[in-house]
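Take a look at the structure set out below.
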């Protein structure tokens, strides 16, 4: 059986979807300074990589949320992966916009009807959980039961774990920040001092930034 946790971590590093820069941190859209930047949108351009992802996500969903009825993708990066997973599992699919349309029926969730159905949402990554939890709320407003969230990658940040706990929801990721660093070290991509910086950031991004 494929170890998707390690395989996908290696894939992300191999295609350059993950970049490390402890000395000159990246600035995320949220304003957070970070020694790592992950662009999982790149994965759709590599057939073998996206196959590992949708097969791994499908296995993860079957294991953790076996009674799922509908697969949902969070716009925009979660949409292609949710489509491949829905096909693999032979399930109906929806996708969730970041906000309702300002015309027509004003829908935020498109695709299958979710009322009284069990839904699992897919996103490309989880940091603090803000955007995907907003999508969860949108689907819940339409009467769905959201079983949980799965993602390609999780930063394992304390804020993310806290926000999901407060929302009464579980999440599972195909690979993680810890696995990524471990794989990067084995590949020779990081030295000891860089690893220490990356670990300190994960424990408390705000303090590290300050």
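At-a-glance table
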read-out	value
Of all residues in region 155-177 being surrounded by fewer than 16 Cβ atoms within 10 Å (Cβ to Cβ) and part of a helix (DSSP H, G or I), the one that is modelled with the lowest pLDDT	158
Members of region 1-25 that are under 19 Å from the mean Cα position of the chain (by Cα) and free of Cβ contacts under 8 Å to residues at least 40 places away in the same chain	3, 14, 15, 16, 17, 19
Identity of the residue in region 16-54, assigned to a loop (DSSP other than H, G, I, E, B) and buried (at least 16 other Cβ atoms within 10 Å of the Cβ), that ends up modelled with the highest pLDDT	17
Matching residues, region 183-205, being part of a helix (DSSP H, G or I) and crowded, with 16+ Cβ neighbours inside 10 Å	183, 184, 194, 195, 197, 198, 201, 202, 205
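Residues checked against (1) part of a loop (DSSP other than H, G, I, E, B); (2) in contact with a strand residue (DSSP E or B) (Cβ under 6 Å, 6 or more places away or on another chain); (3) touching a residue at least 12 places away in the same chain (Cβ under 8 Å); (4) buried (at least 18 other Cβ atoms within 10 Å of the Cβ):
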site: 107; (1), (2), (3), (4): yes, no, no, no
site: 116; (1), (2), (3), (4): yes, no, yes, no
site: 122; (1), (2), (3), (4): no, yes, yes, yes
site: 133; (1), (2), (3), (4): no, no, yes, yes
site: 147; (1), (2), (3), (4): no, yes, yes, yes
site: 153; (1), (2), (3), (4): no, yes, yes, yes
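The values are calculated or read from the model by the stated rules, or taken from the named source; none is laboratory data. Everything numeric here is computed off the predicted structure, so don't read it as measured data. Note that each Cβ is placed from the backbone with ideal geometry, even for glycine, and that neighbours are counted across all protein chains shown.
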